[in-house]
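Asker: Got a structure here, written out as structure tokens. Questions coming.
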Amino acid sequence: MDTIIELKDLRVEYPAQARGQGPKLAVRDLNLRVSAGQVFGFLGPNGAGKTTTMNVLLGFIPPTGGGASLFGVDVRQPIARQRIGYLPELTYYYKFLTAEELLRFYARIFGLTRSEADQRIETLIQLVELEPARKRPIKSYSKGMQQRVGLAQALINNPDLLILDEPTSGLDPLGRMKVREIIQRLKNEGKTVFFSSHELGEVETVCDRVAIINQGQLKMEGAVSDLTEKHQANLEQIFLDLIGYQTQAPAQSPK
């Protein structure tokens, strides 16, 4: 299978925040490979280095050491990012625009012709199930609807790779289910999806493979089915064990 994402000894340091402090090491010699057509879950507690790693892939920050590539091209080359779509954890859109207007705006950014844009917008509005609300301003949308229009935006250029940062954050069960269904449809179309999430039940349901990092280091990587069978536990318990979280027994009520 073709390699879509590859990290080789990736290292990212941030400058010291105060005098007398050393630099903060956010990602430590991370090695990872994601193959074409996979739904890959990138997991870790807050501050583990997930968003920093994604920011390297997206070209927002340079690596301090090692390297990263997309489709075999170094991420420092702009051409590496022509075939990706990105949904940040917090979306910021012009709320006075409708979903249709927003997608047309992004279609122009990617240089789509009018006919290409019309076709993509129709396809995506149906994919994310926003047909009844397509001409309503985004400010009137629920959190789940805003997340779905964000997914449509990330797909306007028909990317081969989709990078999602916490795509189900803050959504209710119905919203999470709809996002999960969209990810499954994208997989069926042969897309590669790389996403971070704290919703481990969702990850276990939708992902082919996962990687768990903590303090910038890779702790575990593999097929979800293999990991759960090997450890005889669900993904949430495996995650908690890896990061060293100890569950506390409930306090005994006084007799």
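Asker: In the stretch 148-249, what chymotrypsin sites (Phe, Trp or Tyr not before Pro) fall in a loop by DSSP, with at most 14 other Cβ atoms inside 10 Å? Display every interim value, and only then the final one.
Answerer: Working: sites: F194, F195, F239, Y245; in loops: Y245.
Hits after loop and neighbour filter: Y245.
Asker: Express in whole angstrom the spacing between the alpha-carbon centres of the stretch 103-119 and the stretch 1-44.
Answerer: 33 Å
Asker: Using only the C-alpha atoms of the stretch 122-255, find the volume of their convex hull and express it per residue in Å³. Display every interim value, and only then the final one.
Answerer: Numbers: hull volume 22.8 nm³, N = 134.
Roughly 170 Å³ of hull volume per residue.
Asker: Right, something else. Read phi for every residue in the stretch 135-150 and hand back ³J(HN,Hα) as whole Hz from Karplus 6.51 cos²θ - 1.76 cosθ + 1.60, θ = phi - 60°, with x for Gly and Pro.
Answerer: After applying 6.51 cos²θ - 1.76 cosθ + 1.60, I find 9, 8, x, 4, 4, 8, 7, 6, 4, x, 5, 5, 5, 6, 5, x Hz.
Asker: Please state the equivalent ellipsoid semi-axes for the stretch 1-137: what are the square roots of 5 times the Cα gyration tensor eigenvalues, largest first, in whole Å? Intermediate values should be presented prior to the final figure.
Answerer: Details: eigenvalues 232, 74, 40 Å².
Three semi-axes, in Å: 34, 19, 14.
Asker: Suppose the Debye formula is applied to equal point scatterers at every Cα of the stretch 1-77; what is log10 I(q)/I(0) at q = 0.20, 0.26 Å⁻¹?
Answerer: -0.88, -1.31
Asker: Please identify the chymotrypsin sites (Phe, Trp or Tyr not before Pro) of the stretch 13-62 that satisfy two criteria: DSSP loop assignment and at most 13 other Cβ atoms within 10 Å. Which are they?
Answerer: F60
Asker: Continuing with this model, one more query. Suppose each label sits 7 Å from its Cα in the direction of the beta carbon; what would the N188-K135 distance come out to in nanometres?
Answerer: Distance between label points: 3.0 nm.
Asker: Give a residue-ordered list of calculated ³J(HN,Hα) values for the stretch 161-176 (Karplus: 6.51 cos²θ - 1.76 cosθ + 1.60, θ = phi - 60°; whole Hz; x for Gly, Pro).
Answerer: So the J values, rounded to whole Hz, are 10, 10, 10, 10, 9, 6, x, 10, 4, x, 8, 7, x, 5, x, 5.
Asker: With a 1.4 Å probe and all protein chains left in place, how much accessible area per residue does the stretch 10-163 have, in Å²?
Answerer: Details: 7590 Å² over 154 residues.
Per residue, the stretch 10-163 has 49 Å² of solvent-accessible surface.
Asker: Thinking of the chain as a set of Cα atoms, what percent of all their pairs are more than 27 Å apart? Let's see the in-between values first.
Answerer: On the way: 13413 of 32385 pairs.
Percent of Cα pairs beyond 27 Å in the chain: 41.
Asker: For a test of the definition: using alpha carbon positions, the gyration tensor, and the 1.5 limit on a/c, classify the stretch 107-174 as rounded, prolate or oblate. Walk me through the numbers before you get to the answer.
Answerer: Working: a/c = 2.25, a/b = 1.39, b/c = 1.62.
Judged from the Cα gyration tensor, the stretch 107-174 comes out oblate (a/c at least 1.5, b/c at or above a/b).
The values are calculated or read from the model by the stated rules, or taken from the named source; none is laboratory data. These numbers were taken from a predicted model, which means no experiment stands behind them. As a convention, Cβ positions derive from the backbone with ideal geometry for all residues, glycine included, and neighbour counts pool all protein chains shown. Areas reflect the complete protein model, heavy atoms only, side chains present, ligands, DNA and RNA absent. Shrake-Rupley method; radii C 1.70, N 1.55, O 1.52, S 1.80 Å.
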